[in-house]
Amino acid sequence: MTEAIRGTIFLEEGRVLEQSAFDAGQFVIRIEAPKCATHATPGSFAHVTCHETIPMRRPLSLMRADARAGWVEILYKVEGLGLHALSQAHPGDILSILGPIGRGFTVQAARPRSVLIGGGVGIPPVVFLAEHLLTRKDAPWEPLAFIGSEVPFPFRAQSARAPLAGIAAHVSASMPLLEDWGIASRLASRSGFAGCFNGFVTELAQGWLQTLAPEELQKVEIFACGPTPMLAAAARLARRYAVACQVCLEEYMACAVGGCAGCTVLVHTPAGPAMKRVCVDGPVFDAYTVFPATG
């Protein structure tokens, strides 16, 4: 795998274009990084130097990438001194950015009904995938997004424009960016936010999946990113309805380029159990290989 990533990861001096603050210590930062923007794929991430006084980089998922304009956009939540320092960055500041890194989501034209499930700081990869699917013309893609958070969402929710099968009418909160793209979405939270489904985001997704006939389920694939318990629940949901599922894992990473092997996870392969590095062997894996059936 080390050989495979040579020539695909770029080191750039990225210029901060803008940064927006949201509740609960969440920020969206846009960085001019043309090489990273050109080669980024949904599910890949960047290793960012948060401040010149902090030597250790932070791995951050890419939420959007505009190859033509040469920028990438990152949603992050402040945890620790590094990301606190990053939250103080202003337009014009220069940040060292290494990326894009990792194996992203792989879509299949035979499964155009993409169910995107994002939780918390796992929202960025599914937003990136949603935008990517808008550009593809090889199948009648029908992405549908379910987004969950226990803290205020990093956007101002709006009422969905159209109802969704299996989803109660009062569950109407949606993500504006996705709605503007013509992609239906619904929000879930156990924090009592207006218009949100009161429960886990995977339970919300199940409400829609259970309305599909067997022949429709054959066209479905789930793509999920979020906390490990949520990903395990997404794998169980996929198994219940016999649909394909890919998960984008979140792990602590030191080097983020496969050298330290500090982010390894157990993956069940046809050849037997194996330890895989989330940073370069992933972060996207087949959900069934990471969360095998039990009992």
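Any read-out appearing in this document is the output of simple, stated calculations on the displayed coordinates, not a laboratory observation. Because the structure is a prediction, the values reported are computed rather than measured. Virtual Cβ from ideal backbone geometry, glycine too; neighbours counted across all protein chains shown.
Need at least 2 residues that are out of contact with any Pro (no Cβ under 7 Å at 6 or more places or on another chain), of a type in the set (G, A, S) and over 20 Å from T41 (Cα atoms) per element, so show me which strands (runs of 3 or more DSSP E) inside the range 235-295 make the cut, counting only ones lying wholly within it.
Answer list for the range 235-295: 272-277.
State all residues of the range 20-53 that are within 18 Å of the chain's Cα centre (by Cα) and part of a loop (DSSP other than H, G, I, E, B); if no residue qualifies, say none.
A40, T41, P42, G43, S44
Kindly provide the set of residues from the range 267-287 that are more than 16 Å from G226 (Cα to Cα) and touching a residue at least 24 places away in the same chain (Cβ under 8 Å), ordered by number. I'd like the intermediate steps shown before the answer.
In the first step, residues of the range 267-287 are kept if they are more than 16 Å from G226 (Cα to Cα); the result is 267-277, 280-281.
Correct list: H268, R277, V280, D281.
Could you count how many residues in the range 18-52 are more than 28 Å from R136 (Cα to Cα) and not aromatic (F, W, Y)?
Residues in the range 18-52 being more than 28 Å from R136 (Cα to Cα) and not aromatic (F, W, Y): 13 in total.
Go through (1) outside any strand (DSSP E or B); (2) of a type outside the set (D, E); (3) out of contact with any helix residue (DSSP H, G or I) (no Cβ under 9 Å at 6 or more places or on another chain); (4) farther than 27 Å from G119 by Cβ and name the single condition R15 misses.
(1)
Which of the residues that make up the range 207-227 are part of a helix (DSSP H, G or I), under 22 Å from G120 (Cβ atoms) and touching a helix residue (DSSP H, G or I) at 6+ places or on another chain (Cβ under 7 Å)? Working first, answer last.
Within the range 207-227, the first condition is being part of a helix (DSSP H, G or I), and the residues that meet it are 207-209, 214-217.
Add one more test, that the residue is under 22 Å from G120 (Cβ atoms), and what stays is 207-209.
L209 - this is the single residue of the range 207-227 that is part of a helix (DSSP H, G or I), under 22 Å from G120 (Cβ atoms) and touching a helix residue (DSSP H, G or I) at 6+ places or on another chain (Cβ under 7 Å).
Go through the range 265-293 and give me each residue that's more than 17 Å from the chain's Cα centre (by Cα), within 16 Å of T106 (Cβ to Cβ) and among the aromatic types (F, W, Y).
Scanning the range 265-293 gives a single hit, Y288.
For the range 85-162, which fully contained strands (runs of 3 or more DSSP E) count at least 2 residues that are within 24 Å of T38 (Cβ to Cβ)? Full working, then the answer.
Values: elements: 94-101, 113-119, 144-148.
The strands (runs of 3 or more DSSP E) meeting that bar are 94-101, 113-119.
Which count do you get for residues in the range 20-68 that are in contact (Cβ under 8 Å) with a residue 40 or more places away in the chain and basic (K, R)?
3
Looking at (1) in contact with a helix residue (DSSP H, G or I) (Cβ under 9 Å, 6 or more places away or on another chain); (2) free of Cβ contacts under 8 Å to residues at least 24 places away in the same chain, which is the one condition that is false for N198?
It is condition (1) that N198 fails.
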